[in-house]
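Nothing in this text is a laboratory measurement; each read-out follows from the coordinates by a stated rule. Here the structure is a predicted model, which is why all the values come from computation and not from measurement. Please note: Cβ atoms are built from the backbone with ideal geometry, for glycine as well, and neighbour counts cover all protein chains shown.
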Amino acid sequence: MLGRVPPGWRAIVVDNGSTDGSADIARSLGATVVRETRRGFGAACHAGLLAARAELVCFCDCDASMDPGLLAPMAERVAAGEADLLLGRRRPQGRGAWPAHARAGNIALARMLRRRTGLRLHDLGPMRVARREALLGLDLNDRRSGYPLQMVVRAADAGWKVAETDVPYLPRSGKSKVTGTWRGTWHAVRDMRRVLAEPPGARTAPTEGISA
């Protein structure tokens, strides 16, 4: 997957307690590896954001389900001002690319997000692009599964232009701790419901811990 990162880009991989040697492999392939000891999806994402130095930052799961080469045209759209936050709307390719329970949870959250913010998004996918300083200004503090949703909610509250674009979604390598099981999906939805309950302009205490 790292071989598909656009030329000249700096790849940042966050080691959030991996025990399979993937951090060493990423480092050997030229990625900057950041170690984050606090467990949780949001903790890993935010550690990568803090380690970044570019004006534009991109997020993408490192499980081979999405092609990081698609981030280049997405970044161009943000740089051109078409969107302040651009999300990749996952389009499943092949059997098993998106389990039924994960898709159902995503649909439910998209509907709740629409009621909360008015945004007519179809997916809360992990592939996304925005400006680094602007993201830091959102004061994101969820360190569990609610992090990606909190990013969208606070961006909407701040008046950002939030848009989505279709991206192919392939069967992942390995099993997700967040959406790989009904239990993991339930925990993720619970974390995200808490984010949706925040009133506009709220700044809550950090939420930490293992998300699934």
Note to self: Among 13-24, 63-74, 140-151, 124-135, how do they line up by average Cβ neighbours within 10 Å per residue, starting with the highest?
What the structure shows: 140-151, 124-135, 63-74, 13-24
Margin query: How large is the convex hull of the C-alpha atoms of the stretch 1-99 per residue, in Å³?
Written below: 127
Next item on the list: Using label points projected 7 Å from each Cα along Cα→Cβ, tell me how many nm separate A64 and A79, to one decimal.
Entry: 3.0
Check: Given +1 on the Cβ of Lys and Arg, -1 on the Cβ of Asp and Glu, and no further charges, what dipole in debye does the chain carry about its Cα centre, rounded to the nearest 20?
Finding: 660
Next item on the list: With viscosity set to 1.567 mPa s and temperature to 4 °C, compute the Stokes-Einstein D of the chain, Rh being the Kirkwood radius across alpha carbon pairs; µm²/s, no decimals.
Entry: 75
Margin query: Need one number: nm distance between label points at R111 and R38, each 7 Å from Cα along Cα→Cβ, rounded to one decimal.
Written below: 3.3
Check: Given 0.36 nm per residue, what is the gain on full extension from S28 to R190 after removing their alpha carbon distance, in nm?
Finding: 54.6 nm
Notebook entry, point to check: Which value in deg cm²/dmol, rounded to the nearest 500, describes the helix-derived mean residue ellipticity at 222 nm for the chain, given -39,500 (n - 2.57) per DSSP H run of n ≥ 4 and division by the residue count?
Noted result: -11000 deg cm²/dmol
Next item on the list: May I ask what percent, to the nearest 5, of DSSP beta bridges between residues of the chain are antiparallel?
Entry: 35
Checklist line | Stretchable slack from A100 to R10, in nm (0.36 nm times residue separation minus alpha-carbon distance) | finding: 29.0 nm
Notebook entry, point to check: Quick one: length gained pulling R120 to D20 fully straight, 0.36 nm per residue minus the C-alpha distance?
Noted result: 32.1 nm
